[in-house]
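Peer 1: Shown below is the structure under consideration.
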Amino acid sequence: MRRLDTTSADFEAAFAALTDRDSPAQTEIDARVAEIIADVRQRGDAAVIDYTRELDRRPGVTFAELEIAPERMVAARDGLARADRAALEAAAERIADFAEAQKIAPHRYQDADGNELGQIVRPIERAGIYAPGGKAAYPSSVLMNAVPAKVAGVAEIIMVSPAPEGVVNDWVLAAAAVAGVDRFLTIGGAQAVAALAYGSQSIPEVDKIVGPGNAYVASAKRQVFGRVGIESVAGPSEVLIIADGSGDPEWAALDLFAQAEHDEMARALLVSPDANHLNAVAAAVERLIDQQPRAAIIRAALDGQGALIQCADLDEAVALSNRLAPEHLELAVAAPETLLDMIQHAGAIFMGHRTPEAFGDYCAGPNHVLPTGRTARFSSALGAYDFQKRISLVQTSAAGAARLAPIAVRLAEGEGLAAHAASAAARVDRS
């Protein structure tokens with residue numbers, strides 16, 4: 001892994017290069033995705049099936065064969081080894097418990113004039129869940145996306161996931177059953193996002209699309225936003241570890257590996273004021289990396305986007321973290337609470353030596369669908385609230401109308417909207 005030092009003259013340029021996630025190929029991807037979306041809007045099922053046959057190598061597949069029967073999901077769940085099913089169900093229960101606590105509560109109150117004000121809360125009606133498929137099959141993502149939707153009260157959850165050459169992962173099928181997915185279609189890519197957003201002959205349009213995918217899926221979600229809601233446009237996954245030197249360097253190495261094994265574009269960084277700890281972590285990385293089944297992917301990610309960064313002190317480490325706004329932030333320090341108030345931006349924070357980011361990926365309870373690429377500066381983890389809408393309530397009393405009308409009239413006239421002013425003034429009791 002490369003070594004950086006905040007006192008070096010070239011540190012700012014090197015750090016900026018690590019945090020830059022703009023892809024030179026993005027324009028071409030966006031253009032191709034726009035073509036696919038337009039085609040699906042025009043041809044519906046026919047376009048979806050054509051892309052599936054070509055891109056997922058499923059020649060001759062029919063549209064009916066793309067949908068997984070509910071019985072098959074249940075059979076996959078029931079066919080898991082007892083311990084595997086128990087792990088899925090335990091994770092789902094913890095995710096549901098956390099999501100339940102996140103639900104937005106309705107509220108109403110009466111002001112001094114007797115006006116009734118407040119908000120009611122309603123779930124969205126239909127959610128689309130995108131789950132990676134093929135070799136990148138993540139049952140945990142199915143749980144993290146579908147369980148909060150179910151807790152929020154979404155009436156119908158439609159899941160899409162590509163099945164290259166027709167292969168569907170049994171764990172993904174089982175997770176769909178555990179999470180309460182209503183329909184499961186083995187389609188993926190931009191065509192699946194377009195079908196969810198605009199509907200087709202066989203797929204109803206949804207109200208919101210959530211879930212991770214490749215660059216084409218991310219582009220499609222960005223392009224259909226406004227037609228439907230999305231939770232975020234996810235980029236490559238990332239972790240930043242702030243270490244004070246009091247932790248086990250092998251634990252730190254394993255946590256870096258856990259992030260880097262996602263794919264070659266994953267980012268794994270560790271920042272510490274302790275040079276000896278950085279040396280020990282570097283040695284642990286070299287000692288342990290070849291033991292990893294995904295060592296080639298880990299090496300590529302660490303070579304491309306990994307770094308061990310020496311800083312002056314923990315205050316500077318936190319300042320770097322806030323600039324990066326990492327998806328995952330590990331506080332591998334003896335007293336993590338002392339840093340918490342200084343942290344402004346992070347998708348999720350994992351506090352202390354015994355709290356690896358991997359717990360958050362699977363079963364701690366908080367969602368692992370998190371903002372990436374510095375978007376934690378303005379967005380948050382997926383939760384039950386993402387599947388709820390707030391609807392404002394206003395009921396004006398006679399006294400309230402008398403107080404509000406002059407204010408509204410003044411503002412309406414200031415904006416040159418005479419009908420607004422007249423509408424407000426008409427509500428005043430003239431008897």
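The values are calculated or read from the model by the stated rules, or taken from the named source; none is laboratory data. Predicted model, so just to flag it, every value in this text is computed and none were measured. Cβ placement follows ideal geometry from the backbone for every residue including glycine, while neighbour counts extend to all protein chains displayed.
Per-residue answers, yes or no, for (1) surrounded by fewer than 21 Cβ atoms within 10 Å (Cβ to Cβ); (2) among the β-branched types (Val, Ile, Thr):
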position: LEU324; (1), (2): no, no
position: ALA334; (1), (2): yes, no
position: ILE343; (1), (2): yes, yes
position: ASN367; (1), (2): no, no
position: PHE378; (1), (2): yes, no
position: LYS389; (1), (2): yes, no
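Peer 1: If you don't mind, there's one more thing I want to ask. Grab the strands (runs of 3 or more DSSP E) fully contained in the range 181-260, keeping just those with 2 or more residues being crowded, with 24+ Cβ neighbours inside 10 Å and not polar (S, T, N, Q). Don't jump to the end; show me each part of the working.
Peer 2: Numbers: elements: 183-185, 208-210, 238-243.
Passing ranges, in order: 208-210, 238-243.
Peer 1: Pull out all pairs, ordered by first then second residue, where Cβ-Cβ is under 9 Å, the residues are six or more apart or on different chains, the first lies in the range 64-76 and is surrounded by fewer than 15 Cβ atoms within 10 Å (Cβ to Cβ), and the second is at pLDDT below 95 and among the β-branched types (Val, Ile, Thr).
Peer 2: none
Peer 1: Evaluate the following for ASP84: is it touching a Ser or Thr at 6+ places or on another chain (Cβ under 7 Å), acidic (Asp, Glu) and either in the same structural domain as ALA192 (by TED's automatic domain parsing) or outside any helix (DSSP H, G or I) (or both)?
Peer 2: The answer is no for ASP84.
Peer 1: Please pick out the residue among ARG299, ARG403, ARG354 that is among the basic types (Lys, Arg), within 17 Å of PRO236 (Cα to Cα) and out of contact with any strand residue (DSSP E or B) (no Cβ under 6 Å at 6 or more places or on another chain).
Peer 2: ARG299
Peer 1: Checking ASN367 against (1) in contact (Cβ under 8 Å) with a residue 24 or more places away in the chain; (2) farther than 30 Å from ALA17 by Cα; (3) polar (S, T, N, Q), which single condition isn't satisfied?
Peer 2: In the conditions (1) in contact (Cβ under 8 Å) with a residue 24 or more places away in the chain; (2) farther than 30 Å from ALA17 by Cα; (3) polar (S, T, N, Q), ASN367 misses (2) alone.
Peer 1: Return the total of residues in the range 389-427 being in contact with a Gly (Cβ under 8 Å, 6 or more places away or on another chain) and not hydrophobic (A, V, I, L, M, F, W, C).
Peer 2: 3
Peer 1: So which residues in the range 353-395 are aliphatic (A, V, I, L, M), under 30 Å from GLY245 (Cα atoms) and not in a helix (DSSP H, G or I)?
Peer 2: Selection gives ALA364, VAL369, LEU370, ALA381.
Peer 1: Of everything in the range 62-78, what is over 29 Å from the mean Cα position of the chain (by Cα) and part of a loop (DSSP other than H, G, I, E, B)? Give them in sequence order.
Peer 2: The answer is THR62, and nothing else.
Peer 1: State yes or no: is ALA307 in the same structural domain as GLN259 (by TED's automatic domain parsing), surrounded by fewer than 23 Cβ atoms within 10 Å (Cβ to Cβ), at pLDDT 95 or above and closer than 17 Å to HIS262 by Cα?
Peer 2: Considered against the rule, which asks whether it is in the same structural domain as GLN259 (by TED's automatic domain parsing), surrounded by fewer than 23 Cβ atoms within 10 Å (Cβ to Cβ), at pLDDT 95 or above and closer than 17 Å to HIS262 by Cα, ALA307 comes out as yes.
Peer 1: So ALA101 ticks every box in (1) surrounded by fewer than 13 Cβ atoms within 10 Å (Cβ to Cβ); (2) over 22 Å from PRO371 (Cα atoms); (3) outside the structural domain of ASP303 (by TED's automatic domain parsing) but one. Which box is left unticked?
Peer 2: Single failed check for ALA101: (2).
Peer 1: When you go through PRO132, PRO162 one by one, which is the residue that is surrounded by 24 or more Cβ atoms within 10 Å (Cβ to Cβ), part of a loop (DSSP other than H, G, I, E, B) and not hydroxyl-bearing (Ser, Thr, Tyr)?
Peer 2: PRO162
Peer 1: On the given criteria, is ALA149 surrounded by fewer than 17 Cβ atoms within 10 Å (Cβ to Cβ) and assigned by TED's automatic domain parsing to the domain that holds ARG57? Step through it out loud before you land on a result.
Peer 2: Values: surrounded by fewer than 17 Cβ atoms within 10 Å (Cβ to Cβ): no; assigned by TED's automatic domain parsing to the domain that holds ARG57: yes.
Against the criterion (surrounded by fewer than 17 Cβ atoms within 10 Å (Cβ to Cβ) and assigned by TED's automatic domain parsing to the domain that holds ARG57), ALA149 does not qualify.
Peer 1: Ok, one more. So which pairs qualify, if the first residue must be in the range 286-311 and under 18 Å from LEU240 (Cα atoms), the second must be among the polar types (S, T, N, Q) and modelled with pLDDT of 95 or more, the Cβ gap must be under 6 Å, and the two must be at least 6 apart or on different chains?
Peer 2: The qualifying pairs are ILE298/GLN292; CYS311/THR6.
Peer 1: Within the range 37-68, which residues are among the basic types (Lys, Arg) and either outside the structural domain of ASP182 (by TED's automatic domain parsing) or closer than 15 Å to PRO204 by Cα (or both)?
Peer 2: ARG41, ARG43
Peer 1: Which residues, counting only those in the range 226-258, are under 20 Å from ARG377 (Cα atoms) and under 19 Å from the mean Cα position of the chain (by Cα)?
Peer 2: Within the range 226-258, GLY229, ILE230, GLU231, SER232, VAL233, ALA234, GLY235, PRO236, SER237, GLU238, VAL239, LEU240 meet the criteria.
Peer 1: Touching a residue at least 40 places away in the same chain (Cβ under 8 Å) and more than 25 Å from HIS368 (Cβ to Cβ): is that true of GLY114 in this structure?
Peer 2: When the stated conditions are applied, GLY114 passes them.
Peer 1: Quick check: anything in the range 87-107 outside any helix (DSSP H, G or I) and touching a Leu at 6+ places or on another chain (Cβ under 8 Å)?
Peer 2: no
Peer 1: Considering every residue within the range 348-365, establish whether at least one is farther than 24 Å from SER140 by Cα and of a type in the set (Lys, Arg).
Peer 2: Here is the first cut: in the range 348-365, the ones farther than 24 Å from SER140 by Cα are none.
No, there is no match, as no residue in the range 348-365 is farther than 24 Å from SER140 by Cα and of a type in the set (Lys, Arg).
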